[in-house]
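Just so it is clear, none of the values below were taken in a lab; they were calculated from the coordinates. Keep in mind that what you see is a predicted model, and the values were worked out from it rather than measured. Ideal geometry is used to build each Cβ from the backbone, glycine not excepted, and the neighbour counts take in all protein chains shown.
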Amino acid sequence: MVRLVVAAAGVTGSAGLIAEGALRFSGIPDAFAFTRANAVWRERHVSLNAAGFRDDPWGQPADKPGTTWRIGVVGSATTFGQGVEHPADRFTDRLETALARRGDTLAYQVWNLARPGWTTEDQLTAFKAIVPRLHLDEIVLVYAMSDAQDLTFTGAALQSLASRRPAWQQWIGRHSVLLDLWFARPLLASGLRVSYGGVEQAYRERRYWTFQAGRLRLFATMARELQIPLRVVVVPMLGATWEGYRLRKYHARVAAVFDDLDVPTLDVLPILDKVPARSLWVGPLDLHPNERAHRLIADAMVEQWWPH
């Protein structure tokens, strides 16, 4: 029996060392950037251009040939490609590739203007400060349903969760990526509940939704002032199942804001919910859309707005 216990401990120890090494090498994404494993993943898979975005170098935006058609895509973590290892697998890059195959006289550029953690307020700020300098021909706002979370102070609640880890866990976590990830699992589960609850509250309560609708209208106002056509894609929050998706009834409310302003709007919920929600996750610790979801979103955009 003692030999069996020692042998089992040896196997477990070896597996732990292998897992530790793998996490230190490639990392693994988590939804809220709570863990060292997420930091390793980001360091390995994310590079930013001079403007601070996860995209190829833009050069000088003003140096734009007359045959170039430039589309700026404004968004948050989904548009950024949180958890997607290769930028070419994101819907923005897939869209650029699909447009290049159209065979017309235009040279299409799709620029990714997104950062993880951005809310509607952050996107409005970027819209005002950055978009006017980029010489865009079109703007696509990718509105993730979670972008309203700042209204209910969800971000502050998530930061509070991250700070609750006992000192001994933090000490061990500084020395082991694997154990840091293990200790963070309950926090990540709590973070998902906090996030969904806060976002749902932002749509359910009239005071929050009235304010959010006003912010969404500002995008259309600013695009008109810049004389740049605006399109909108609405992206759901992924969960365990589509049957339990609590934000479904609010999608129409978001789309109606833009429909009333004659802004072309594409809600990808009816497309994504045809496949199991879990098959669209980046992973068990990160429910952001994975490569399969990005492909479905890109295909829907092309079919809706740029068919061959």
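With the Kirkwood sum run over all distinct C-alpha pairs, the stretch 191-271 has a hydrodynamic radius of 13.9 Å. Of the two radii for the stretch 132-222, the radius of gyration is 1.16 times the Kirkwood radius, both from the alpha carbons; that is the Rg over Rh value.
I need the shape label for the stretch 174-308. Rule: rounded when a/c is under 1.5, else prolate if a/b > b/c, else oblate, with a, b, c from the alpha carbon gyration tensor. It is prolate, given that a/c is not under 1.5 and a/b is the larger ratio. Distances between placed amide hydrogens fall under 5 Å for R165 paired with no residue 5 or more residues away or on another chain. Within the same chain, aspartates and glutamates fewer than 8 places from K249 are excluded, and of the rest, those with a Cα less than 15 Å from its Cα are E200, E205, D267, D273. Counting only Cα atoms, the size of the stretch 246-287 along its three principal axes is 38, 17, 15 Å, in decreasing order. The alpha-carbon atoms of the stretch 2-305 define a convex hull whose volume equals 154 cubic angstrom per residue.
Of the trypsin sites (Lys or Arg not before Pro) found in the stretch 243-287, those in coil by DSSP whose Cβ has at most 16 other Cβ atoms within 10 Å are R246, K274. Of the residues S176, H135, V84, the one whose Cα sits farthest towards the positive end of the charge dipole of the chain is S176 (charges of +1 on Lys and Arg Cβ, -1 on Asp and Glu Cβ, taken about the Cα centre). Mean residue ellipticity, 222 nm, helices only, the chain: the sum of -39500 (n - 2.57) across DSSP H runs of n ≥ 4, divided by residue count and rounded to 500, is -16000 deg cm²/dmol.
What the phi angles of the stretch 110-116 give under the Karplus curve with 6.51, -1.76 and 1.60, with θ = phi - 60°, is a coupling list of 10, 9, 8, 10, 9, 9, x Hz, glycine and proline written as x.
Starting from the amide H of A107, placed 1.01 Å from N in the peptide plane, find each other amide H under 5 Å away whose residue is 5 or more places distant or on another chain. Here T68, W69 satisfy the definition. Highest average first, the peptides 289-300, 176-187, 137-148 ordered by how many other beta carbon atoms sit within 10 Å of their residues are 137-148, 289-300, 176-187.
With Cα atoms defining each centre, the stretch 157-217 and the stretch 109-146 are spaced 24 Å apart in the structure.
Remark on D267: its backbone amide H falls under 5 Å from those of V234, a criterion applied only to residues 5 or more positions apart or on other chains, H modelled at 1.01 Å from N.
Taken about its Cα centre, the stretch 2-305 carries a charge dipole of about 840 debye when Lys and Arg each add +1 at the Cβ and Asp and Glu each add -1 at the Cβ.
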